[in-house]
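The structure under discussion appears below in the form of structure tokens.
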């Protein structure tokens, strides 16, 4: 079955590559971002868990009264975006490149394989990854 890909948003936003039908066995893909570019937005659906391979990204949440709250800065080797894909929920935050950055997007299946024996438990506990 062929899966079509769509870019979520144009211009200064990279738009997370989201399949129109989730394919669980596709290979990892690298997203390259310029400083300020958005990888994905809070409230959108996605099926990838990301590992920062270069630069820094920031995880932001929109505040009810307007504005944003910085939740975390993610560096090389750290992963993010796991909750939505694991539990089939919308993204709980927006991710934006703080510097020129790259992040590798893994499907849940591919990320579990990379994570190793502890599987989802280690993922939920946010166990650090060994960098390749």
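What residue, of 77, 105, 67, 81, is out of contact with any helix residue (DSSP H, G or I) (no Cβ under 6 Å at 6 or more places or on another chain) and farther than 17 Å from residue 28 by Cβ?
Answer to the check: 67.
Among the residues of region 81-103, which ones are in a strand (DSSP E or B) and surrounded by fewer than 20 Cβ atoms within 10 Å (Cβ to Cβ)?
The answer is 102, and nothing else.
Looking at region 88-105, I want the residues that are without any contact (Cβ under 8 Å) to a residue 60 or more places away in the chain and have a partner that is part of a loop (DSSP other than H, G, I, E, B) and surrounded by fewer than 24 Cβ atoms within 10 Å (Cβ to Cβ) with Cβ atoms under 6 Å, at least 6 apart or on another chain. Which pairs are those?
What qualifies is 90/43; 90/45; 91/42; 91/44; 91/46; 93/42; 94/41; 94/42.
Residues checked against (1) in a helix (DSSP H, G or I); (2) at pLDDT 95 or above; (3) more than 10 Å from the chain's Cα centre (by Cα); (4) surrounded by 13 or more Cβ atoms within 10 Å (Cβ to Cβ):
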| residue | (1), (2), (3), (4) |
| --- | --- |
| 52 | no, yes, no, yes |
| 70 | no, yes, yes, no |
| 111 | yes, no, yes, yes |
| 114 | yes, no, yes, yes |
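Restricting to region 40-58, count the residues that are in contact with a helix residue (DSSP H, G or I) (Cβ under 9 Å, 6 or more places away or on another chain) and at positive phi.
Within region 40-58, residues that are in contact with a helix residue (DSSP H, G or I) (Cβ under 9 Å, 6 or more places away or on another chain) and at positive phi number 0.
Hey, can you tell me all the residues within region 23-34 that are surrounded by 14 or more Cβ atoms within 10 Å (Cβ to Cβ), in a loop (DSSP other than H, G, I, E, B) and either within 15 Å of the chain's Cα centre (by Cα) or modelled with pLDDT of 95 or more (or both)?
28
Filter region 36-50 down to the residues that are without any contact (Cβ under 8 Å) to a residue 60 or more places away in the chain and not in a strand (DSSP E or B), then identify the one that is nearest to residue 97 (Cα to Cα).
Checked region 36-50; the qualifying residue nearest to residue 97 (Cα to Cα) is 41.
The values are calculated or read from the model by the stated rules, or taken from the named source; none is laboratory data. Keep in mind that what you see is a predicted model, and the values were worked out from it rather than measured. In this analysis, Cβ positions are derived from the backbone assuming ideal geometry, glycine residues included, and neighbour counts consider all displayed protein chains.
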